[in-house]
Amino acid sequence: MKELVFCKLGGSAITVKTRPHTARPQVLARLAGEIAEALRAHPELRLVLGHGSGSYGHSVARRTGTRAGVHGPAQWYGFAEVAAAAGRLNRRVADSLLAAGVPAWCLAPSALVRCDSGQLVAMDTAVVAEALARGLVPLLYGDVAIDQTIGGTIVSTEQVLAFLARRLQPRRVVLISDVDGVFTSDPRSDPTAQRVPEITPANWPSVQRGLGASRAADVTGGMRAKVGEMVRLAEEVPGMEVRILSAERPGALASALQEEQAGDCGTVIRWL
């Protein structure tokens, strides 16, 4: 029986988010190797991959203001700039995956989705399902999109994966970040921050209050928006769980993809 898993490589994990257009090639190569390891160990595994734009798309998008809407020639030029920047990182991610033996197929969301007032309202999901049926690994990312109300906008990787997940119903979603899960406050600036091992309906209101936005350029809302999107998804897809782990823990991604316990690390979102 085939098992479907979604995985997102966070922009803060695979790029130096405070330095524009700077990837972390060693981290990318290691994560790609762990993905290849999981696929070799479990031939029944079907995987949809996504990645954030990190210091590529976000730095350009903040300058152009594309997220808020696109009107006039100068803003449409900026729209194209954002797409090009996001695509450059996508090519680097794909190259790393292919070098590791992962049959990654780049699918630009800008060609698949439509938005209305910044919300993703339509997507051609059939091409993703066909790719999975043929043993490919669809590779998506945060990208620009045509918007019927505000001209153009940006869709986050979480929005794209969440839209797909509501239709394809993966067993779990794995998010790889630069921090080891969800914390009571930002652990990069607050030494008293405590990791939240599990998010459930009982503790989500208190956890939500502690979430902040990203320190670096992140036009799609930072950690608060990303975790909130995953909580809504866990509510709507029965039996699905979300795992949030650090890219700095070698082997954690391979274990999560294979449904092995990652030990005392990360955060699991369950909504039973």
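The values are calculated or read from the model by the stated rules, or taken from the named source; none is laboratory data. All values reported here derive from a predicted model rather than from experimental measurement. A quick note on method: Cβ atoms are made from the backbone with ideal geometry, for glycine too, and the neighbour counts reach across all protein chains shown.
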(request) Answer yes if at least one residue in the range 75-94 is polar (S, T, N, Q), surrounded by 18 or more Cβ atoms within 10 Å (Cβ to Cβ), within 30 Å of residue 259 (Cα to Cα) and at pLDDT 95 or above, and no otherwise. (result) yes
(request) Could you tell me whether residue 187 is under 30 Å from residue 37 (Cβ atoms), over 17 Å from the mean Cα position of the chain (by Cα) and not aromatic (Phe, Trp, Tyr)? (result) yes
(request) For the range 141-151, indicate whether the set of residues that are buried (at least 22 other Cβ atoms within 10 Å of the Cβ) and within 20 Å of residue 267 (Cβ to Cβ) is non-empty. (result) no
(message) Tell me the residue from 3, 34 that is charged (D, E, K, R), within 23 Å of residue 133 (Cα to Cα) and either touching a Ser or Thr at 6+ places or on another chain (Cβ under 6 Å) or modelled with pLDDT under 95 (or both), please.
(response) 3
(message) Show me the helices (runs of 4 or more DSSP H) entirely contained within the range 1-117 in which 1 or more residues are more than 19 Å from the chain's Cα centre (by Cα).
(response) 25-41, 54-64, 73-99
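Conditions tested, residue by residue: (1) touching a residue at least 60 places away in the same chain (Cβ under 8 Å); (2) farther than 13 Å from residue 100 by Cβ; (3) buried (at least 18 other Cβ atoms within 10 Å of the Cβ).
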| site | (1), (2), (3) |
| --- | --- |
| 7 | yes, yes, yes |
| 22 | no, yes, no |
| 34 | yes, no, yes |
| 37 | yes, no, yes |
| 41 | yes, yes, no |
| 56 | no, yes, yes |
(request) Need at least 3 residues that are at pLDDT 90 or above and among the small types (Gly, Ala, Ser) per element, so show me which helices (runs of 4 or more DSSP H) inside the range 157-270 make the cut, counting only ones lying wholly within it. (result) 252-257
